[in-house]
Amino acid sequence: MGTLLLHNPISMAKRPCPSQISPAAPPPLNQMDELLETFLSSSSSLSVDLSFDRLLESRASSDSDQAHLIDTAVALGSALLHAAKRSARKRASSHNSLYWPLPRELTINVFSMLDTQSLCYAAAACSMFNKYARDPPCYANIDLTTIVPKVNNAVVSTMIHRAGTSLQSLKLGIVPGPIVSPGSCQPLVYSIRNSVDVSKFSWNDKRSRQGKESSILTRSCLSPLVGDNGAPGTLLRRLHLYNIERMDNTSLCGALSACTSLLDLEIVGLHVELRQTLMSVSANCHLIERLFFESSKTGRDDSLKTPTCTDLVENCPHLTSLALRGFKLHDNKVRVLVKGFRKLRYVDFSTSYSITGGFLRNLGSSMGGNLLEVLILRDCMHLKEVEVARLLTAVIEGDYKCLKHLDISNKEGLASEGDWYDRCYKSSVIPIKQVLAERPDVCLLAEFPTEGSYIDIDQMADIVQESDVGLPSQLSSHISDASMFTSSSESSYNSDQGSGNEDGHDANYVMYEESSDEVEIDLNGGFYGAQAEVSLAS
């Protein structure tokens, strides 16, 4: 049966037809208006030229008087041109407001669905769009991530203040490529010195900007979140920060103190300490559900302490996704985290040092591990063959009932029981085929290199010492991940053979100190092109 639709005139749009709008009576003209009207109606370019020449000859008796008369004419022409352009914009905006089919509220709703770049383009289209694009809901989800530096603190501050308490998501920094899908181990740490995508970019040019805004985010880029008694950050749900080299612990922890409603925190490539960051999350972000933290210096951050893990478990009970990539983690601390979070479903400890896999023993049947759906241990240098075999045996026996994705791949092979230098490439004790047969619902990734492809660590350390940011790009065909080894690798490994109770700070971990000088970035164009600057003007 069809549905009868009744025509209700009251529910229809009440916007009047432009032809039905009676024009208002024009205001009376004064003497200046009449003079300008006479001038515009009767003048042509040739008559104006002749009249101005005669005026110069008859009224100006000296060179200074002629110069003054010419300057006055230029100023008057400039003012007239400015008034004409302003009136044209005003007329066009009035025309758009009359003929634009959507009401204001619906237009703002559409703008709020746009990404940040598209919103800036829309705001630069006309005055009406620019006015609508300034509404706070349009800036609820701010994404200012770029491939090369194009955004400075002023842009971030402007958008955060426009959002106000409507701010729900904020993404800042440099992302080397598209965001990878969940379950991937592709590193997101980015170094501008090694990037091949930075055309027309000058890193070493550090001359003063002399009035020009730098395109580099500094430690104060998050300070607007704390402004107005923390109002902009109060309702923030998602905060993603990528490769902001000047960010430090104090600034990050200060921003997190204002984000009490944070649910999703992603930190990649920042020069901040793991322990202090987790302490700030534990103290302020009690509702957090997802925590993704990738170290900027693989294997150097050994700052995590067991009490920090305990406090995080107690204060953030809603955590369902935990990724700590590239840190120096010990099994006893990792076990506190994985076993303590009762809702944990996603775990990623890729490229982490010191993890042997011992934390997985009897974990699959406990409250901390029986809900795990994704477990990623890719390229953990100390992951032992025997621990992987125990894990897969537990999966076959029925533990980890919710497990859907397991990644134990290692490009350098697994470590043997006695000495991690002795690498295992093809192991007969790891029941991979049995897992695939017994648990066909599990996606198991177990990729290992052919025997003999492992490069001696002394050779690796010599190579890394040649560069302060990682392996040179010409070695990428031999070594797939430049962040796997650092110049302090051997000393780190030799200290990791114990039980994992070392809580001392690693002397090789170097914190980043920001210089007070601005670094000039040689880029053509501003944020998202020249047109976007119109929408960011105060």
Yes/no for S280 being assigned by the TED database to the domain that holds G164, in a helix (DSSP H, G or I) and either at pLDDT 95 or above or in contact with a Gly (Cβ under 7 Å, 6 or more places away or on another chain) (or both): yes
Sole exception among (1) in a helix (DSSP H, G or I); (2) surrounded by 12 or more Cβ atoms within 10 Å (Cβ to Cβ) for H82, by number: (2)
Pairs with Cβ under 9 Å, 6+ apart, first in the stretch 384-399 and of a type in the set (K, R), second assigned to a strand (DSSP E or B) and surrounded by 22 or more Cβ atoms within 10 Å (Cβ to Cβ): K384/L414; K384/A415
Which listed residue is open to solvent by 40 Å² or more (accessible area, probe 1.4 Å), closer than 24 Å to T351 by Cβ and among the basic types (K, R), from K404, K433: K404
Qualifying residues in the stretch 299-324 (those that are in a loop (DSSP other than H, G, I, E, B) and among the small types (G, A, S)) - the one farthest from K343 (Cα to Cα): G299
Filter result for Y421 (exposed (fewer than 14 other Cβ atoms within 10 Å of the Cβ), farther than 12 Å from G357 by Cβ and either outside the structural domain of R361 (by the TED database) or among the aromatic types (F, W, Y) (or both)): yes
In the stretch 217-247, the residues that are polar (S, T, N, Q) and under 12 Å from the mean Cα position of the chain (by Cα): N243
Failed condition for N130, given (1) of a type in the set (S, T, N, Q); (2) over 18 Å from G233 (Cβ atoms); (3) assigned by the TED database to the domain that holds L225: (3)
Selection from the stretch 427-471 of residues that are modelled with pLDDT of 70 or more, under 35 Å from the mean Cα position of the chain (by Cα) and assigned to a loop (DSSP other than H, G, I, E, B): D441, V442, A446, E447, F448, P449
Which numbered condition Y346 misses (of (1) open to solvent by less than 20 Å² (accessible area, probe 1.4 Å); (2) under 26 Å from the mean Cα position of the chain (by Cα)): (1)
Selected residue (criterion: nearest to I216 (Cα to Cα)) from residues of the stretch 123-152 that are among the aliphatic types (A, V, I, L, M) and assigned to a strand (DSSP E or B): L144
The stretch 367-394: number of residues that are farther than 16 Å from K343 by Cβ and in contact with a Pro (Cβ under 9 Å, 6 or more places away or on another chain): 3
Which numbered condition F359 misses (of (1) open to solvent by 10 Å² or more (accessible area, probe 1.4 Å); (2) in contact (Cβ under 8 Å) with a residue 24 or more places away in the chain): (1)
Cross-chain or 6+ apart pairs with Cβ under 9 Å, the stretch 70-81 first and more than 13 Å from F39 (Cβ to Cβ), then loosely packed, with under 10 Cβ neighbours inside 10 Å and of a type outside the set (G, A, S): none
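The values are calculated or read from the model by the stated rules, or taken from the named source; none is laboratory data. These numbers were taken from a predicted model, which means no experiment stands behind them. Reconstructed Cβ throughout: ideal geometry from the backbone, glycine too, with neighbour counts over all protein chains shown. Note: accessible area is taken over every heavy atom of the protein model, side chains too, but ligands, DNA and RNA are not part of it. Shrake-Rupley method; radii C 1.70, N 1.55, O 1.52, S 1.80 Å.
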